[in-house]
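What follows draws every value from the coordinates through simple rules; no lab data is involved. As the structure is a computational prediction, the values presented were derived from the model and not from experiment. Counting neighbours? That spans all protein chains shown, and the Cβs are built from the backbone with ideal geometry, glycine included.
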């Protein structure tokens with residue numbers, strides 16, 4: 001078992017990525033955010049132990065490194081933040097849980113006129129505000 005307090009986040013990330021590349025499951029001691037009876041986050045962190053199969057790594061807008069992984073116990077896909085992993089063990093067995101299907105990224109529609117291109121470029125910063133203007137600019 002590796003304690004993350006004894007290594008840098010880069011070392012932890014490297015070892016977890018290597019386990020994912022080799023398709024080896026990992027048991028993690030993790031701090032998850034507790035939820036109340038209504039399902040709202042309380043801000044209190046609770047320690048949990050899970051065996052996971054990592055299938056995706058991302059960085060959030062806030063700069064947190066997250067792992068998408070299948071939970072072996074429930075078979076569900078979950079997200080884990082790297083900074084909340086307290087300890088981990090890489091196993092030498094193979095993955096057993098089926099991963100969610102990877103659908104191709106949606107293809108953006110081809111603009112029909114220059115006004116549509118300009119409207120979409122302006123709307124990239126504030127899509128909710130400009131969403132109704134696509135039809136107006138294209139008309």
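State whether one or more residues within the stretch 41-59 are on the phi > 0 side of the Ramachandran plot, more than 14 Å from the chain's Cα centre (by Cα) and outside any loop (DSSP other than H, G, I, E, B). Checked against the condition, which is being on the phi > 0 side of the Ramachandran plot, more than 14 Å from the chain's Cα centre (by Cα) and outside any loop (DSSP other than H, G, I, E, B), the stretch 41-59 yields at least one hit. Taking the stretch 60-77 as the range and being assigned to a loop (DSSP other than H, G, I, E, B), under 14 Å from residue 27 (Cα atoms) and touching a strand residue (DSSP E or B) at 6+ places or on another chain (Cβ under 6 Å) as the test, only 72 passes. Each residue in the stretch 78-92 was checked for being in contact with a strand residue (DSSP E or B) (Cβ under 6 Å, 6 or more places away or on another chain) and not in a helix (DSSP H, G or I), and 10 pass.
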